[in-house]
1. Search the structure for amide H atoms under 5 Å from the amide H of A:L192, placed 1.01 Å from N in the peptide plane, and list their residues when 5 or more places away or on another chain.
2. How many percent of the accessible area of the stretch A:78-185 is carbon or sulfur, using a 1.4 Å probe?
3. Do me a favour and compute the ellipsoid semi-axes for the stretch A:17-69 from its Cα gyration tensor, root of five times each eigenvalue, largest one first, whole Å.
4. Which value at 222 nm does chain A reach when only helices count, each DSSP H run of 4 or more adding -39,500 (n - 2.57), with the total divided by all residues and rounded to the nearest 500 deg cm²/dmol?
5. Summarise the partner chain shielding of A:400-406 as one whole number: the mean count of Cβ atoms from other chains within 10 Å of each residue's Cβ.
6. Comparing the chain by itself with all protein chains present, which residues of the stretch A:246-282 are at least 40 Å² less accessible (probe 1.4 Å)?
7. Once the label point is set 7 Å along the Cα-to-beta-carbon vector, what list of distances in nm do you get between B:E386 and its counterparts in the other copies?
8. Determine by what factor the alpha-carbon radius of gyration of chain A differs from 2.2 N^0.38 Å, reporting the quotient.
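The values are calculated or read from the model by the stated rules, or taken from the named source; none is laboratory data. Not measured: the values here are computed from a predicted model. Cβ sites come from the backbone with ideal geometry, for glycine too, and all protein chains shown count toward neighbours. For accessibility, only protein heavy atoms count, side chains too; no ligands or nucleic acids. Shrake-Rupley method; radii C 1.70, N 1.55, O 1.52, S 1.80 Å.
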There are 2 protein chains.
Amino acid sequence: MTTRDDCLRRDAADPLRRFRDRFHLPDGLVYLDGNSLGPLPRELPARLHATLAREWGEGLIRSWNDADWIGLPRRLGAAIAPLIGARPHEVIVADSTSINLYKLLLGGLALRPGRQVVLAEAGTFPTDLYMAEGAAARAAGIVVRRVESDAELLAAIDETVAVVMLTHVDFRSGRLHDMAVVTAAAHAAGALVLWDLAHSVGALPIALNEAGADLAVGCTYKYLNGGPGAPAFLYVAEALQASLPAALPGWLGHARPFDFAADYEAAPGIDRQLCGTPPVLSMAALQAALALWPEVDMAALRAKSQALTGLFIDLVEARCPGLELATPREPDRRGSQVAFRHPEGYAIVQALIGRDVIGDFRTPDLLRFGFAPLYVRYVDVWDAVERLASVLAEEAWRDPRYRARAAVT
Amino acid sequence: MTTRDDCLRRDAADPLRRFRDRFHLPDGLVYLDGNSLGPLPRELPARLHATLAREWGEGLIRSWNDADWIGLPRRLGAAIAPLIGARPHEVIVADSTSINLYKLLLGGLALRPGRQVVLAEAGTFPTDLYMAEGAAARAAGIVVRRVESDAELLAAIDETVAVVMLTHVDFRSGRLHDMAVVTAAAHAAGALVLWDLAHSVGALPIALNEAGADLAVGCTYKYLNGGPGAPAFLYVAEALQASLPAALPGWLGHARPFDFAADYEAAPGIDRQLCGTPPVLSMAALQAALALWPEVDMAALRAKSQALTGLFIDLVEARCPGLELATPREPDRRGSQVAFRHPEGYAIVQALIGRDVIGDFRTPDLLRFGFAPLYVRYVDVWDAVERLASVLAEEAWRDPRYRARAAVT
């Protein structure tokens, strides 16, 4: 059986161990919620301060040119591209994941006229379903069909389907789709695939181009550590860029925004998916957070992620009776997060936070833990399970202060 | 005739003079582009740093509750409300102006079924037209009708019009609409009015409630000094909040986002106009920028704005032959900006920037200058005209380096 010393030894041998120091992590805290909000990169405040003081404070309006603020959506997209297996000009940073999904879904529907179905998973992240329903309501005759399982998904992909919209890693269970298999199945039926990478980008290597993926959106405040509510990204495969219309045709998606022309003319490439003025301060923060990624060996990242999640599953199952695994046991079928079920899940998570281990709760009964391989250590896994076991053994979750629901869970 | 000493005396007597020190303004620079990007508030970097270090760095995910990040859209909306004559619960901060306009336009169209027309001005800010066309394309049978003049506008408001969409202050000419008159005319015909306040909020007092205005959007990086690309706001009159649908139904507009329910249920009030996760860092910056506004006497602000723009018009017309005024001469008919026409406008603006006076150029021939009353002084007006006169007298704009167009103008 693994010991705490074994964990310390694994940390000492971890090829990614040097990255932990690149983040601010409060003393004594075991942070297993980087799948919801990544921690503050140490270099970020100084870089953001330079944007404030030099670019905004001194440069003022001139910085749109001199500091290339206008190029930030493309520059940040190019920095994300290698993490998702895309070419630099196939990714831009803009708006929120919800809004980008709306853009690409309506755009994708226009490329498949005569088809009526957006295929989605019933358990996907709710905003994806809401925005898909919102987009469907704006496109005559379109319905969102929800499937309950992978088997049902593959069976439902037929010539009525315009777009298959999937979350790469499920936000509750951590289940990982085989992107190449699903994309191929969709293409065989003539459908497009739109991937939501919110819970996979920065958690594992992604190969959009290799899988032939058409469209994708993703979030930068989880494993990419861009800060709370950091701007999202979107991907449009090069082959689709010239034909995919702009569903939200704002001025920065215009071919020549500074002509201030009365009529819209879409920019030739992915730029047409830009809409309003880019949020420069948020983008400067994200730029600082993205700076370390070229140093990261993504294969080592995935190997450590699988080792951390595997160790957590093993230790919890050995030491925490009453918890039921809700994440695929096969390492290749999951992302970098693990969920367990327990009827007192909410209070258990709160009690655990009271003992300086931060995970989160997802209704109705899921305890969810994220293992960001850049800064989570094997010894953190050990300590988290130790405290989880004690919370359960002591029934600490019965304390009323752990049972009152906060606004945000 | 006014002298430079007169200007210095007026500055010494200016009731708003103490606000200039609240901003970082580079030494020797005359900044007349706050209508495009406001300068850095001095308190902002320290406040943003506290959000980074304490709320994000130490608080991590807990700050959604503990620092009330989740309440930022409403709290910032409530801070903007008094500047636009609205009640605190009628304004939220979210997304970009373009996207908010799309939301409210589609929402407004749903409240006027059977009417086919969105009425807009041909010369309005282009993104408004583009987004209106984009929204119209998503609502069966809707057309955007463009009018060329105020007379044509009032004549065109009839029972076919669902929404009158207007920019309160024209981005080129600075022409100010009479909000009460136009809103009353729209209501008399049964139409809604959607105001774009981008060039008026923070530049002059606005009375949405008093005018009976229905809907509004606005920008926070101009006269509100929230930083480049700062998040936008939207206003929905209380009476419409329960019936106006959410055109972009993202998870944070859900009645209970943290139930993660499979089906969308709109939040009861204006919150349904939220969509994705709020950009906390940008919002923290904006919060710092909004902190000084409760101290500002809006009547004094308007009086100084009219005095600055009037002085500028007088001095330019006296000293700068060849420039033609493109802004209403009557103080009550303009916002806080002044535009002049000249066929060499672009190069003249560049030459002026070379002499440390920053205005901007708007195609095809407009030199545009903004006079933000919180930090622009009478002596700045004097110095700007002095240098503009010398650029013209010396024909400094003939220099080829001033003629090469930058990416952003």
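1. For A:L192, whose amide H was placed from the backbone, the distant partners under 5 Å are A:V163, A:V164.
2. On the way: 1890 of 3230 Å².
Of the solvent-accessible surface of the stretch A:78-185, carbon and sulfur hold 58 percent.
3. Numbers: eigenvalues 205, 24, 18 Å².
In descending order the semi-axes read 32, 11, 9 Å.
4. Working: 14 runs with 138 residues, N = 409.
After summing the helix terms and dividing by the residues of chain A, the value is -10000 deg cm²/dmol.
5. Working: counts 0, 0, 0, 0, 0, 1, 6.
Going residue by residue through A:400-406 and averaging, the value is 1.
6. By number: A:L248, A:P249, A:W251, A:F258, A:F260, A:A262, A:T277, A:L281, A:S282.
7. 7.2
8. 1.01
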